[in-house]
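The structure appears below as structure tokens.
None of the figures in this text is laboratory data; all of them are computed from the coordinates on show. Predicted model only: the values in this text are computed from it and were never measured. Methodologically, a virtual Cβ is constructed for each residue, glycine included, from the backbone with ideal geometry; neighbour enumeration extends over all protein chains shown.
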Amino acid sequence: MLDTRDKPVPAPTPGIEIKEADILEAMRAIPGYLDITPGDFKEVYRLAFQHALERLSREITAAEIMTTDVVTVAPDTPVAEVAAAMGRRGVSGVPVVDAGQKVVGVISEKDFLTRMGVKEPMNFMTLVANCLMTKGCVALPIKATLATDIMNTPAVTVPPDTPVKDIAALLTQSGINRVAVTGPDGRLLGLVSRGDIIRATMGRAAP
Amino acid sequence: MMGAYFRKMAGSNQSPPRVSLEEIFWSWLGAFLGIGAVAYMNYGWLDGTGLFLLIGSLGASAVLIYGAIKSPLAQPRNFLGGHVISALIGVTAFKLLAPHLWLAATLAVAVSIAVMHATKTLHPPGGATALIAVISGPQVTSLGYFYVLMPVAAGALVMLAVALIVNNLAPRRRYPEFWW
């Protein structure tokens, strides 16, 4: 048998761990005798907080938080134009759609880095280091390629009624930063990024 | 297995903080006026009539309705419901089981707790009210079910009236949290 007292109670959200000292302070601030131990209150708080988070993420769906003003590229868009479009809009990923607005793939910054021979870890600073140590531009090897050559396919997509909770799990499990939201016909409706999820959850959770 | 069982007896929580002096004062004043009212009626008006109003369990109730007024246990539903239900059960236990007083006393308290739980009227002094109905001798047992009305319900109503008046005089107090 394990003694649960000695194990730290897992916080509902990392970084939001209420301490019994906080509870004692709060109880002192409320006039009158409160008929509960700080430990029991903490348990109530923990479960209630968990419940609230679950309820919020269950209630919000992809359709409510997705960005609909999405920059897209075609499969035959040259990567130079893809990069320019991403830079202009300040996004780190774009869906690739065919003539019928069907999502055929997604291109993210990481796909550029991979094709440019950037070694692990594939991030911007590794690229900067590469640039500084070589002559010329490391992007040159992919100059002639098209969107279809570097995109991730098939794209990870979700229907518009997907709960945010499931999207968060999907992003974490797949190690990606955004999913395309598509209708039953596969046409692009919008994009949900990690930022959209955070904005939506914080906005709803605030009193 | 056994280790975990015995470790549970060590306790793993801490005591709530001490209340302010202000809170102690209002608790004292409420109990003084509440028990004072019931005791004055008991000794001043009812002396020699064979009737009485003051029973021990009202002292226990005073702790809750003047000293821990936010507690669910101290709300009117629990306070009145717990006393009346327990009184009924106590008198019934005596009527059914006397002269087996040990069994009547035992069941009076145990059944009272169960029924108070089931009716959401848990009020600890109710257990004493049920016990008093069994163990107090002819002065109480001769009342029969009248015990439920007086001293129990009448005494509790006087205490509740004082709780409503005095607790709400305090600037930082509010009573009750809920009626029903």
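For A:Ile60, list long-range residues whose amide hydrogen, built 1.01 Å from N in the peptide plane, is under 5 Å from its own amide hydrogen.
For A:Ile60, the qualifying residues are A:Val164.
Please state, as a whole number in µm²/s, the translational diffusion coefficient that the Stokes-Einstein equation yields for the protein assembly as shown at 4 °C and 1.567 mPa s, with Rh defined as the Kirkwood radius across alpha carbon pairs.
Rounded to a whole number, D works out at 47 µm²/s.
Over the whole of A:23-32, what's the average partner chain Cβ count within 10 Å per residue? Rounded to a whole number, please.
Across A:23-32, the average partner-chain Cβ count within 10 Å equals 5.
Can you list residues from other chains, or at least 5 along the same chain, whose modelled amide H is less than 5 Å from the amide H of A:Gly105?
Those qualifying (amide H under 5 Å, at least 5 residues apart or on another chain) are A:Val96, A:Ala155.
Rounded to the nearest Å, what's the spacing between the alpha carbon centres of the range B:5-24 and the range A:63-133? Just the number, please.
The range B:5-24 and the range A:63-133 have Cα centres spaced 58 Å from each other.
Using the Karplus curve 6.51 cos²θ - 1.76 cosθ + 1.60 with θ = phi - 60°, work out ³J(HN,Hα) for each residue of the range B:172-179 in order, rounded to whole Hz, and write x for Gly and Pro.
Karplus-based 3J(HN,Hα) across the range B:172-179 equals 10, 10, 8, 8, x, 6, 7, 8 Hz.
Can you list the residues of the range B:140-174 with backbone N under 19 Å from a point 7 Å past the Cα of A:Ala48, pointing along Cα to Cβ?
B:174, by backbone N distance to the label point.
Starting at the first residue of the range A:75-85, write each ³J(HN,Hα) from the Karplus equation 6.51 cos²θ - 1.76 cosθ + 1.60 with θ = phi - 60°, in whole Hz, x for Gly and Pro.
Along the range A:75-85, the couplings run x, 9, 6, x, 4, 4, 6, 4, 4, 4, 5 Hz.
Mind giving me the nanometre distance, one decimal, between the label points for A:Met125 and A:Glu81, set 7 Å out from Cα along Cα→Cβ?
3.5 nm
Name the long-range amide H neighbours of B:Thr119: under 5 Å, sequence gap of 5 or more, or other chain; modelled H, no Pro or chain starts.
none
Let's test the formula: R0 of 30 Å, r as the Cβ-Cβ distance of B:Gln14 and B:Ala114. What FRET efficiency results, to the nearest 0.05?
0.50
Can you work out ³J(HN,Hα) from phi for every residue in the range A:166-176, in order, using Karplus 6.51 cos²θ - 1.76 cosθ + 1.60 and θ = phi - 60°, giving whole Hz and x for Gly and Pro?
Result, rounded to whole Hz: 5, 5, 4, 5, 5, 4, 5, 5, 7, x, 10.
Calculate the tail of P(r) for the range B:118-180: the fraction of all Cα-Cα distances greater than 17 Å, expressed in %.
Distances greater than 17 Å cover 55 percent of the Cα pairs.
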